[in-house]
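Every number here is computed from the coordinates shown, using simple stated rules; none is lab data. Just so you know, these numbers come straight off a predicted model, no measurement behind them. For neighbour counting, all protein chains shown are included, and Cβ atoms are generated from backbone atoms with ideal geometry for every residue, glycine included.
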Amino acid sequence: MEFLMSLGRGFTSADAIWMWTILAAQIVSVAIIAERSIALFMNRKVNQKDISKTIADDIKSGNLDKALRRSMQLGLTQPLGVVASAGIQAAIDMGGKEEIQLKMDEVLLEESSRVEKRIGFLAMFANVATLLGLLGTITGLIHSFAGIANANPAEKAAVLSQGISLAMNTTAYGLIVAVPALIMYAVLQNRATRLTEDLNKGALNLFIQLGYAYSPVSDKKEKALK
């Protein structure tokens, strides 16, 4: 309790600007953690590879129109649906293996960036909070030593100890903000990696079905001429 009271006094000290700045970093980092946790743990599941099997069955049966409709419907809630729609449309247009791959890769990059967006800011805010805490401590110590220069010799020890205590609050508060942010950065980054790998596996499964079953118009014409 005394520690919390000491932190509270830090917001009213002469160097309170650093405490308020760290608080701003904490608010932003908590908002990012909440938004990304909902997006990656609640709205996204590691099931894209399983979903791809359903679409692959339509592709194997040669019913690309049905596969496209299914993919577009899935695309409203599942990223694999968007990727599959791009590849299936390329196959319908008889673009061939390379075009199918390029179309799917383009969408995969977009979907991967959506998964990983804003996560990197957590590491930045953790470092910023730590550095701001150290900066606040240094400036607080400077003010404390400057304040005892003209103080009564009997009061110097009390003034110095009080000043150091308030100055150290910024370092403590900076670490309080930084540690959870770094932990959640690792957790969210790991989750994003799992989701991206799952999406890539699902997309690869569909690409194999599309790439080897549907050749470009030029190849079909050559075979027809032969």
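In this structure, the residue pairs whose Cα-Cα separation is over 24 Å, taken from LYS53/LYS117; LYS103/LYS201; LYS60/LYS201, are LYS53/LYS117. For the chain, the relative contact order comes to 35 percent (Cα pairs under 8 Å, sequence separation of at least 6). Using the empirical formula 2.2 N^0.38 Å as the baseline, the Cα radius of gyration of the stretch 64-136 reaches a ratio of 1.74. With only the Cα atoms considered, the chain has a convex hull volume of 120 Å³ per residue. If the segment from SER161 to LEU134 were pulled out straight at 0.36 nm per residue, it would be longer than the present Cα-Cα gap by 8.0 nm. What does the charge count near ALA181 come to, summing +1 for each Lys or Arg and -1 for each Asp or Glu among other residues with Cβ under 15 Å from its Cβ? Result for the neighbourhood of ALA181: +1. Using a simple spin-label model with pseudo-atoms 7 Å out from Cα toward Cβ, PHE121 and SER61 lie 4.5 nm apart.
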